[in-house]
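First up is the structure itself, then whatever we jot down about it.
We did not get these values from a lab; they are worked out from the coordinates using the rules stated. Everything numeric in this text was worked out from a predicted model, so none of it was measured. A quick note on method: Cβ atoms are made from the backbone with ideal geometry, for glycine too, and the neighbour counts reach across all protein chains shown.
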Amino acid sequence: MNRNPSELTFPLSLATRLRAATHRVLRVVLSQYMANGITVAVGLFLISLAVFAFAGVVAVASAAVGILITSLPDVPAPRRRKLTQMLPAPLLGAPLFVLTQLVQHDEVQLGLVLVAGTFLSVMLMSWGKRGGPITFSMLFSMLFAVAAPPPSSLEEIALNTGWYLVGAGLYLVWAVLTTHGLNQLFRAQLLAECITTFAQILRTQAQRLAPQPDHQALLAAMLGQQITLADYLQNTRDVVLESPTTPRRQRLAAMLLALLEARDHQLACNLDLDVLLNQYAHASAPTLPLLQDALNTVAAELEQLALDLLMGRARGTIVAVPDLRERLHGALPAQTRAGNEPAPLSTGEPDAAALLHSMANRIGHLHDEAARMVALARGDAAPGLADVRTQWQLFVSPTAWSWKPLLGQLGWRAPMLRYAMRATLAVGAGYLIALHLPWAGHGYWVLFSIVVVMRGNLAQTVQRRNARVAGTVIGCLLVMALLATRPSGFTILLVVALSQGLAHAFALRRYLYTTASATVGALLMVHLLVTGLQPTMAMGQRLADTVLGASIAWLFSYVLPAWERNQIPALVRRSVKAQGQHALLALALLNKEQTSDLPWRLSRREAYDSLSAVTLAIQRSMAEPRQVRPPLAQLEALQARSYQLLAQLTAIKSLLLLRRAQLDLTVAMPALQHASQRIQAELMDSAGAADRAVEPGPTVAGQPFQPRPDPLVAADLTPWLLRRLALATAMARELRRAAGQVKV
């Protein structure tokens, strides 16, 4: 009996969707976030249980506070910096914990300590990601001390502080041991996350080759994905590139470097895309769909590789990927299939078929890097890490604590100083209001809501305000349901540990989950600190406190604002400078004086990171009042020109490194030097660069460059190099002009 074709495809489609959903769940369950959250939960539970068994519920409440504030900076990190990363949290939190207890009987003195402690804590965010967890460790040390009943004597304060330090010290030992024990797992998990994120970028790139794509929406999505990847990459570099001394570490480090190369090739795929879409979008030949399928194939290969890494599959069980070049070759028009890359026509510009061949080549390079990553994972390829093995410290974030970041934020217009002042005023106002509420005994929850909702910019504050209220409702309902069962102390400790582990795991992924879990943990810890808590009354009070605290944080976000438009000029200058330095080193890759590509790699990282900082600032500004937003049109032009310059330099780099034998070096070397000088003149000079006329470029055989008309000639790619250099120089000029138009 014949079956309807739709009946045949539906089960396959359903199976495909189920498989994709299963893989998404596995990527979350097996991620470093969950592994880190589990270690936090297990450590908190074991240490709390030991203290509970030894000294009872009062001791475990103080010890749990010490564990909690010490666990906040506990994220996957290099082994050598783990202790220095976490130690400041208890060292700075303990004095505030003691001081808050000492003044808790006096409302005025307590208010002064809370205000001063908030200012000092928030200023620690001057150290960026490293300072953020320490800030909240100090704030929570004060607020949990406020939540506890006022101590009756100095002996009680000493006892509470002692158990606080016991919990903090034991957790420090636990964190250092687990970091060493799970280091190899964290390396694989962090790399897998970057690979998965890059695969998503490739799928977005593939959608741009579809008929009539929504370019604006796809470009916006790709920018967001690029920012996410840049953030993940820095965390991954810090762990994966640390001491690549064993064969497995070297393979993972080499895979990370291959991923960075693949990112360059993906960016270059945007070159000449508009021309190709105009020529082939409505054509009957299936050229673009085949290229789109090739990109999706590479994405699927990378997603499978990431899953293999997460599941810890043995080298021999990872499946090698087939060569994609033959399929790409079949996607090309017949007249362009001979040779590696056709020469442009005599008009000075390549025809669409030639550009199509170039696009296929870039996708081929992407696939080559994906295949290299799989080969490295299988052990079929040897990692080449001469520079990384000896100079890996240059690739990771700095570990030393210095006064320079703090001193740089002491100016009146410094965003961190203004953030600290806003937070201080908000906490002071919240404290005064809480003193006069009918439920003033629980006013600390207002302060909790203020400090966790308020951020350095309005966009993040608004986002956290909404999630905080919703998460508090969910958390209160869960705590009421649990306390109604009259749980034992053991059960409460277990739930506190699980909730804190979940809050820790999703802190950077899903803030709603974090705030719901943190509410459960915080309320249960307060239940341990305050005897006689009435669970039936907690819901309304906690919700009212949360709404009040979130509202105060939101309102004070407009006090002494540090609008994004005031930060953008410095970010633009940093980005333009980074683009110029990257161009200088990328065009010097053929110089004999360049004995290593390490400086170029470092400059490439700064170019991407600085551009991501500009993009993030633009995104944050969208939540600000319309009248204070920066000039979005000019900034979008700056972004576009920056990415286009990076793409042109990537195409040039590919010619220099992968097609060197097909270049006439007697022409290429002077051309590279000339282009480098012109780009530096455009990007580095402080005045007039954008308005100067462009000097004549290199010539071939003493005559102005005229590419050969034969599209099959590809033995000499020098004409293509000269074209890319000319486009890069023109793009640098456009970038400088766009930067000059950013008037904020």
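Structure notes:
- Computed label-point distance, nm, for sites THR84 and GLN460 using a 7 Å Cα→Cβ extension: 2.4 nm
- The calculated P(r) of region 445-505, using every Cα pair and 10 Å bins from 0, goes 19, 42, 29, 9, 1 in percent.
- FRET efficiency for LEU91 and LEU632, using Cβ-Cβ distance with R0 set to 41 Å, rounded to 0.05: 0.40
- When only Cα pairs below 8 angstrom with a gap of at least 6 residues are kept, region 13-108 shows a relative contact order of 20 percent.
- Judged by the ratio a/c of the largest to the smallest principal axis of the C-alpha gyration tensor, region 45-178 counts as oblate, that ratio being 1.5 or greater while a/b is no larger than b/c.
- Size of charge dipole - region 22-113 - debye, nearest 20, with Cβ of Lys, Arg +1 and Asp, Glu -1, no other charges: 720 debye
- Region 403-482 - percent relative contact order, Cα under 8 Å, separation 6 or more: 19 percent
- For region 495-504, 3J(HN,Hα) per residue [Karplus equation, 6.51 cos²θ - 1.76 cosθ + 1.60, θ = phi - 60°, Hz, x = Gly/Pro]: 5, 4, 4, 5, 5, 5, x, 5, 4, 5
- Mean Cα-pair separation over length for region 162-264, i.e. relative contact order, pairs under 8 Å, 6 or more apart, %: 32 percent
- Spin-label model, LEU407/LEU665: points 7 Å from Cα along the beta carbon direction are separated by 4.7 nm.
- Placing pseudo-labels 7 Å out from each Cα toward the beta carbon at ALA55 and ALA544 gives an inter-label distance of 3.6 nm.
- Tensor-based shape of region 124-259 (alpha-carbon gyration tensor, a/c under 1.5 rounded, otherwise prolate or oblate): oblate
- In a fully extended conformation the segment linking GLN234 and GLU156 would gain 23.6 nm over its present Cα-Cα distance, using 0.36 nm per residue.
- FRET efficiency, 1/(1 + (r/R0)^6) with R0 51 Å, evaluated for ALA314 and PHE490 via beta carbons: 0.80
- Remark: region 156-171, residue by residue, has Karplus-estimated 3J(HN,Hα) of 5, 5, 4, 5, 4, 5, x, 5, 4, 5, 4, x, 5, x, 5, 6 Hz, where x stands for each Gly or Pro and the curve is 6.51 cos²θ - 1.76 cosθ + 1.60 at θ = phi - 60°.
- Considering only Cα atoms, the convex hull volume of region 545-646 works out to 115 Å³ per residue.
- Computed packing ranks the peptides 362-372, 467-477 as 362-372, 467-477, most packed first, by mean other Cβ atoms within 10 Å.
- Computed from backbone phi with θ = phi - 60° and the Karplus coefficients 6.51, -1.76 and 1.60, the 3J(HN,Hα) list for region 636-644 is 5, 5, 4, 4, 4, 5, 5, 5, 5 Hz; x is used for glycine and proline.
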